[in-house]
Amino acid sequence: MLDVLIVGAGFGGLYALHKLRSQGLSALVLEAAPSVGGTWWANRYPGARVDIQSLEYSYSFSEPLQQQWHWSERYASQPELLRYASHVADRFELRRDIRLNTRVTKAHFDEAAALWRIGSDDGRHWSARFVVMAIGPLSTPNTPAFEGLESFAGPVFHSAAWPHEPVDFGGRDVAVVGTGSSAVQLIPIIAEQARTLTVFQRTAAYAVPAHNGPLDAEREARIKADYAGFRARNRRMRAGFGSELSPHPKPTLEVNAPERDAVFEQRWAIGGFSLLGAFVDTLTDMRANELCAEFVRGKIRSIVRDPAVAERLCPTHPIGCKRLCVDSGYYETYNRANVTLVDVSEHPIEHITPGGLVTGGRDHRFDTLVLATGFDAFTGPLTRIDLRGRDGLHIRDKWRGGPLNYLGLTVAGFPNLFNLVGPGSTSAFTSVVLAIEHHVDWIGECIQWLDAQGHRTIEPSSEAESQWVQRVNQIAEQTVYPHCNSWYLGANIPGKPRIFMPLAGGFPAYADRCAAVAREGYAGFVMR
Ligand code: NAP
C-alpha cells in the first residue's frame, strides 16, 4: 500500500513525486506515455514552444536547479522543455518511482479501507491512501466528429498527438483546421514546407509576436543574481509572472489616444502576454478591451497585404477572452502565395471527402490534413478514467452539469483525491509551473496535517464546493471572459455544459485563500 499514487509524469507529477517523497511518504507515478514530460512529450508539432518566458516557466523549488539550468531561447522549444523534464527526473532520482507505459484506467475509492484502488490498462493494481491527479488540464485532444473523416485518403495529424518521426510536408497540399495557439505556431512552419496550405478558420485569433531569440545573457545573469526574489515578485503578480513590467498607472480610458498607442506599441515591441498587462482594466472593462483589440487589428491590417484577407483575420471577440496566441510570423504567413485562408464561421465544415473537404457547398482539395482543434479541457482527462468516489459515484455523473470542485483541487465525494491545476484554480491564467508548485506544496502540508491529526480522509463539503464554483463564476462575470466561446467555458466541445471553469481572480488572492483555508484547520473540508 502506497501513501500517494500520482497519475502523470509531466511537470506536475515530477514535482509531486519529489516533494511528497521528500516528506517521507511512499509515492509512485504512473504515466501512460513511454517518457516523462507530459504535455511536452505529446505536443511535438512543428514550432511547438512555450508561450511564457522560460525563466518564468520553470521550477523554482530548487535553487541549484534554477541556477544551473540554462535555457537557450527566451521561449523554449518543445525539445528543450522535454530535455528539462528529463533532467529533473534524473537530477532528483525520480525515475525509480515512475512506471512508464502505464495508463491508469480506473480508480475506485474503497470506503471500508479508506483507500484508493487503482488499475492500469495492462491489468496491474495498486492501492494508495491519496491520489494526486497530475494529468494536465489540456491533455485530452479534441477531434471534431467530422462526417467522412475516416474516408480521407491522406495522412491526418492532430497537433496534440503528433507522430514521433519527422513529417515531411514537402510537395504536399496541406489543410489545417483551427487557428488557436497550436495552429498559430505550426502554420508558419508548414507554410514554408508545403506546396500549398489552406487554413480553415472558424474564429480569428489574436496573436502577438514572441520576438523569440537566444536568451539575453545579461538578463539571465540579472535574474539569476536574485532568482528567489524574482520568483517572489512574480508570485505577487495576478498572472504569477511578468513582474519586470508594471501596468500604466491610469486606466485605459483616462489616457489620451497618442499616449495609449505609445504604451501598446511599447508592449508589442516587448512581445508576448505583456500587451494584456499594459493597462489594469484590459480584461475587466469591455471599452478598454476594445481599444487594445483595435490596436491589434491595426497591426493585422498593416502586416497582411490583401485587405480582404486581413479583414478575415481580424477577430471580433474581446482580446484575451480566448487565450492570447504568442506567434512567430503568423500573420505574415498569409502574404505567401501558397497560403489560402478559408472562413468557416458561417458555413461550417460539412464533411470530409477522400481528397479534401466541403464547406459552404464548395469542395476544397488537399492531400494532408492537420487538425489543430484543441482539447476537451479540464474535465476530459478525468472523465475518461473510470473514476469513482464514495457510493460508486462516477466523476462523469458528478460533473454532468459542470466540474464541481473546491479550491480547484478537490471534489466532494472523492476523498483524498487532489486534482492538480484543475477547474476552479488559476492555473490557466498563470505560469502553470508556478501553479503546480503551489498546489503540490499545499497538498504536502495538508497530508502532513492530516497525519498529525490522525485523520484518515479529507474531502470538501458540498456547500463549500458549490460556493466555490459560484465564486469562480461570479469573478468571471466581472471580466471579459464569458463573452466568447473558449475552452475556459467548455464551449469548444459540442454538448459540454457552458460553465466558466478556471478562476480569474488572480494568483495572489487565490494563494491567500488556499493558505487561509489551511490555517483555519481546513475550513470547508470534512475530515474523518
Ligand atoms: P484551441 O485554442 O482550442 O484552438 C482550437 C482551434 O480549432 C480553434 O481555432 C477552434 O475554433 C478550432 N476548431 C475546433 N473545432 C472546430 C470545428 N469543428 N470546426 C472548425 N474549427 C474548429 O486549441 P489549441 O490551439 O491546441 O490551444 C489550446 C490551449 O493549449 C491554448 O489556449 C494554450 O493554453 C495551450 N497551448 C499553448 C501553446 C503555447 O503557445 N505554448 C501552444 C499550444 C497550445 P473556435 O475558436 O471557433 O472554437
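Laid out as a table, the results:
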read-out	value
Cα-derived Rg over Rh, computed across the stretch 412-452 with Rh taken as Kirkwood radius	1.02
DSSP-loop trypsin sites (Lys or Arg not before Pro) across the stretch 357-464, with at most 13 other Cβ within 10 angstrom	ARG400
Ratio Rg/Rh [Cα only; Rh per Kirkwood] for the stretch 102-249	1.09
Helix-only mean residue ellipticity at 222 nm for the chain, each DSSP H run of n ≥ 4 adding -39500 (n - 2.57), per residue, nearest 500	-9500 deg cm²/dmol
For the stretch 214-354, convex hull of alpha carbons as volume per residue, Å³	182
Under Karplus coefficients 6.51, -1.76 and 1.60, residue-wise ³J(HN,Hα) of the stretch 405-419 in Hz, glycine/proline x	6, 10, 6, x, 9, 9, 9, 5, x, 10, x, 6, 10, 10, 9
Rounded to 10°, Cα long-axis angle of helix 181-193 versus longest principal axis of the chain	50
Residues of the stretch 395-418 with amide N under 20 Å of the 7 Å Cα→Cβ point at SER461	404-417
For the chain, alpha-carbon Rg over 2.2 N^0.38 Å	0.97
Dipole magnitude (debye, nearest 20) for the chain, charges at Cβ of Lys, Arg, Asp, Glu	520
Euclidean distance between Cα centres, the stretch 253-316 to the stretch 74-152, Å	39
Computed FRET value (nearest 0.05) for ASP216 with GLU111, which takes r as the C-beta separation and R₀ as 60 Å	0.60
Over the stretch 313-417, volume per residue of the alpha carbon convex hull, in Å³	200
Ranked by how many other beta carbons lie within 10 Å on average, peptides 377-383, 164-170 from highest	377-383, 164-170
Three principal axis lengths of the stretch 1-153 [C-alpha, angstrom, descending]	53, 51, 20
DSSP beta bridges in the chain [antiparallel fraction, %, rounded to 5]	40
Qualifying trypsin sites (Lys or Arg not before Pro) in the stretch 258-312, DSSP loop, other Cβ atoms within 10 Å at most 12	ARG305
C-alpha long axis of helix 78-91 to longest principal axis of the chain, angle in °	20
Long pairs among LYS250/LYS496; LYS19/LYS106; LYS299/LYS496; LYS19/LYS496; LYS224/LYS322; LYS224/LYS299, criterion Cα-Cα beyond 29 Å	LYS250/LYS496; LYS299/LYS496; LYS19/LYS496; LYS224/LYS322; LYS224/LYS299
Positive-end residue of VAL131, TYR84, SER62, charge dipole of the stretch 52-146 with Cβ unit charges	VAL131
Charge dipole of the stretch 328-476 about the Cα centre (unit charges at C-beta), most positive-ward option of ASN338, SER328, ASN419	ASN419
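No value in this document is a laboratory result; all are computed from the given coordinates. No experiment lies behind these values; they were computed from the predicted model shown. Note that we place each Cβ from the backbone using ideal geometry, even for glycine, and neighbour counts take in every protein chain shown.
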